[in-house]
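Everything on this sheet refers to the single structure shown next.
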Amino acid sequence: MLMRISAVLSAVCYFPGTAGFIQPGTLTEEIKSMKKLFAICLTLALVMAMAAPAFAEDAAANYKAKCQMCHGPDGKGSAAGQKMGVKPFSELKASEAEQIKATKEGKGKMPKFEGKLSDDEIKALVAYTKTLK
């Protein structure tokens, strides 16, 4: 099939007597390069698609281990968290950057998680809290 396409394109794009606009055989190499690029992109897309659910599971596990005791399983605050002044995530007006900073550095009675969680884990955790709204 590829050879047929290449032959047709070569015949159509080749102009005898004008030194050729597109030389026969050059499209074959370009098609091979495009196929390689497509294979690489497809592989990367599959790897990312497989990694995203695993990353979400890690964020959920981190939330359960590090946050749930104060913020509650639904992000509305546990009884203990509400006594400390924890607000439901749905009421937060902080930007994502501010939430990341508060998670890293701590805020009020909330401990800091810098050094305990990586930057990527903290970003995933903040993204996970948005699903609890």
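Taken together, the values in this text are just the output of simple stated rules run on the coordinates, not laboratory data. Keep in mind that what you see is a predicted model, and the values were worked out from it rather than measured. Neighbour counts are summed over all protein chains in view; Cβ atoms, including those assigned to glycine, are modelled from backbone coordinates with ideal geometry.
For I100, I122, I40, what ranking results if the residue with the fewest other Cβ atoms within 10 Å of its Cβ goes first? It would help to have the intermediate numbers written out before the result.
Details: I100 17, I122 21, I40 10.
Least crowded to most crowded, the residues run I40, I100, I122.
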Practice task
Can you tell me which of 109-117, 61-69 comes out highest on packing, and rank the rest after it, using the mean Cβ neighbours within 10 Å?
Solution key: 61-69, 109-117
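Round to the nearest 0.05 the FRET efficiency obtained for K104 and A61 when R0 = 22 Å and r is the Cβ-Cβ distance.
Values: r = 19 Å, r/R0 = 0.86.
Approximately 0.70, to the nearest 0.05.
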Handout entry: Phi-based couplings in Hz for the stretch 107-114 (Karplus 6.51, -1.76, 1.60; Gly and Pro marked x)
Key = 7, x, 8, 6, x, 7, 10, 5
Problem - Theoretical gain in end-to-end length, K83 to K130 [0.36 nm per residue, Cα-Cα removed] - result: 14.7 nm
Practice task
Of the listed pairs K76/K116; K36/K104; K76/K104; K35/K123; K36/K101, which have alpha-carbon separations greater than 30 Å here?
Solution key: K36/K104; K35/K123; K36/K101
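How much FRET efficiency would the formula 1/(1 + (r/R0)^6) give for L92 and M69, where r is the Cβ-Cβ distance and R0 is 25 Å, rounded to 0.05?
Values: r = 18 Å, r/R0 = 0.73.
Efficiency computed from Cβ-Cβ geometry: 0.85.
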Fill in the blank from the handout: Filtered hits (aspartates and glutamates, Cα-Cα < 19 Å from K83, offset >= 8 within chain) -> D74, E91
Fill in the blank from the handout: Of the candidates L117, A102, G81, the farthest towards the positive dipole end of the stretch 74-117 (Lys/Arg Cβ +1, Asp/Glu Cβ -1, centred on the Cα centre) is G81
